[in-house]
Structures are given as structure tokens and as C-alpha cells.
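Worksheet for the structure shown next.
The values are calculated or read from the model by the stated rules, or taken from the named source; none is laboratory data. The structure presented is a predicted model; accordingly, all values stated were derived computationally and were not measured. Every residue, glycine as well, gets a Cβ built from its backbone with ideal geometry; the counts of neighbours run over all protein chains shown.
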Amino acid sequence: MAFMPVPGYLPHFNPTLPYNREIPGGLRTGMSVYIQGVANEHMKRFCVNFAVGSRSGGDIAFHFNPRFDGWDKVVFNSMQNGSWGHEEKKRSMPFRKGAAFELVFMVMNEHYKVVVNGSPFYEYGHRIPLQMVTHLQVDGDLELRSINFLGGGPPPGQIPMPIPAYPGPGHIHHAKPPCELPNMEGPPVFNPPVPFCGRIQGGLTHRKTIVIKGLVSQQANSITINFKVGDSGDLALHINPRISKGEVVRNSFMGNTWGAEEKNLPFNPFTRGEYFDLSIRCGQDRFKVFANGQHLFDFPHRLSAFHKVDTVEIQGDLSLSYVQI
């Protein structure tokens, strides 16, 4: 069963080093590049280049270069006509040897905005026009988990709303829809707060894909992802990673009753301190779920009228970096 990315979301999973690939559609304002990886235990340095062309020694619009050298720092620069420009540096190291990280480059009108593990880190002003940048290059003492090219950000004012805690199995849920939901179909939402609540405008449809990127907390016990019928509280799909037990439970909740749990998996992508990339696709007769580009499980529809599902809820011991509904 092949992984099918949602339009506008172009992931590369477990790419090899050195990485040197064309940026789909070219670099443009509003684009974000997400890099998830693990720093080597004996890391000395790595680099990310926004390059003009693919050849070694060519112009580099933005060179991002963390260095563990006794004076731990991150260096920023550009190369034009074979010569490096004025070096900028920040004597602060946001990466830890042996630890997973998420590095985001947001392309703004005047600069690149660098975000590390969800926190703003640096802004680097453009020295070479964006339209000249064609390739992304990554190399050094790290292991790449994924690289994602995202075409743009959410419209102004599109803010996800918090939701109250959702009762687990054994509790009966009588509440009305927990929040007034914004229309969040299409454009992604970046770094939304947890709990998260988003509307599927028009209801769930065949071939609809929801993308969720996040980080499992270091002390995590449980995460919940619900595909919900807002006016009844029914859950067509309840995904419940129970981190402390090493399980990912799937179930449905309809007519105030939980169904039969499903637990079997080929692998478990939910590990403390690790990032995950989840794609949940609605088929005609089942949900098809992929994690980090690999098929994780199918869940046959128990709610035949799946088009009534209009809400996605996410809560628990995680932080979210990206949600697309």
C-alpha cells in the first residue's frame, strides 16, 4: 500500500547524506522547510544550504552551520562568486548530541526565520534573491529522519481553539461540541497549542487526508487523536497511543458505547522524545494510516456515514508542529 502525500505537502523520509535535491517549485515567500533528524553522539558540525544550483562550490544564499568546537555556536553566511560573505554567528547551541531535533526554515519577505524545536532562533536577511535558490543541501554529523517542503502558511487570524479533556474508555461523553470551530480546511496550521480542535469543513470525504506532525513529550503517558461527529459526540476513529505501555489502541465510540479495541502494529512510531509524522487518509471502506511514510494500520469504517465526521481533536502528552486538515 503506497503512501500518498496530501497536495502541498512533499515529505522525503529517511533521506541519505549528503542530501542535495531540487526544491519543488523553487523557493518562494511563505514556504517552510521542516527538517527532522538526530544529532550524532559525537557531532562536530553539520550544515544546511539553500543553494543556487546543485554543484559543489556554487553560490549559497543561506548557509546554516552549527559547530560543536569548544566554542559552541551556529554560523550563518552566504557564498557568492566563490567567496564567503560577512559571517554572522550566534553563540548558543540549540542542538544536543544524540538528541532528536526539528529544524524549520520559514521564508519571509526580508529574511529566513529559523525555528529550532518550536522556538524562534534566528533571522537571516536575504543576500541573494529567493528566485535564484533552486536546491536544498544537508550534510554533516546527523541522521536525517525527514525533510518536508510546505508551500505556505495559514491565513491571518486562523487560530485553533482549545478543547476540554476528553473522557477515556469507560466514561460516557454527554457534552455538546466543545468549541466554536474555525474553518481550517486546506492551509496548514503551524505550532498550534495542545489540546487542539479543528473542523473538517463539509465533513469527512473519500480521499481526504489529515496530516499531523508532532513531538512526543519526554515523560509522555498517553496521546489521543479523535475523528468526531460534533453534534453527537460519536468517534468514528479514536487513536490512543499509550506510551508507557508501548501500545497504540484504536477504537470507535458510538451510541455512548466503546467498540472492540485494535492494537496490532508492524511498528510503533510514538516514542518519548521522538518526532512523528502521521497521515490519516479516509478510504471508501476504511481509514488508512501512515506514520513516517510507512503503512501503520487500517481501520475499517464502523460509522457508515463517515461524512458526518466534522471534527479532529488532538490532546495528551505531545507538542504539535504542523496540522493540515
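Here are some notes:
- Condition check for Ile212: in contact with a Leu (Cβ under 7 Å, 6 or more places away or on another chain) and crowded, with 16+ Cβ neighbours inside 10 Å: yes
- So Phe276, is it under 28 Å from Ser32 (Cβ atoms), not in a strand (DSSP E or B) and not small (Gly, Ala, Ser): no
- Filter result (surrounded by fewer than 14 Cβ atoms within 10 Å (Cβ to Cβ) and more than 20 Å from Arg55 (Cα to Cα)) within segment 124-142: Gly125
- Residue match in segment 314-325 (condition: closer than 25 Å to Arg199 by Cβ, assigned to a loop (DSSP other than H, G, I, E, B), within 19 Å of the chain's Cα centre (by Cα) and of a type outside the set (D, E, K, R)): yes
- Residue within segment 266-277 that is at pLDDT 95 or above, among the hydrophobic types (A, V, I, L, M, F, W, C), in the same structural domain as Gly316 (by TED's automatic domain parsing) and under 22 Å from Arg302 (Cα atoms) present: no
- The numbered conditions (1) under 30 Å from Pro15 (Cβ atoms); (2) modelled with pLDDT of 95 or more are all true for Ala236 except (1).
- Test: Ser119 is of a type in the set (S, T, N, Q), surrounded by fewer than 16 Cβ atoms within 10 Å (Cβ to Cβ) and closer than 25 Å to Arg272 by Cβ: yes
- Selection from segment 233-258 of residues that are surrounded by 15 or more Cβ atoms within 10 Å (Cβ to Cβ) and over 30 Å from Gln36 (Cβ atoms): Gly233, Asp234, Ser252, Phe253, Met254, Trp258
- Taken over segment 86-111, residues that are among the β-branched types (Val, Ile, Thr) and either more than 16 Å from Val138 (Cα to Cα) or surrounded by fewer than 19 Cβ atoms within 10 Å (Cβ to Cβ) (or both) amount to 1.
- Residue match in segment 105-115 (condition: farther than 19 Å from Glu88 by Cα and not in a loop (DSSP other than H, G, I, E, B)): no
- Filtered residues of segment 186-213 (kept if touching a Phe, Trp or Tyr at 6+ places or on another chain (Cβ under 6 Å), part of a loop (DSSP other than H, G, I, E, B) and hydrophobic (A, V, I, L, M, F, W, C)): Leu204
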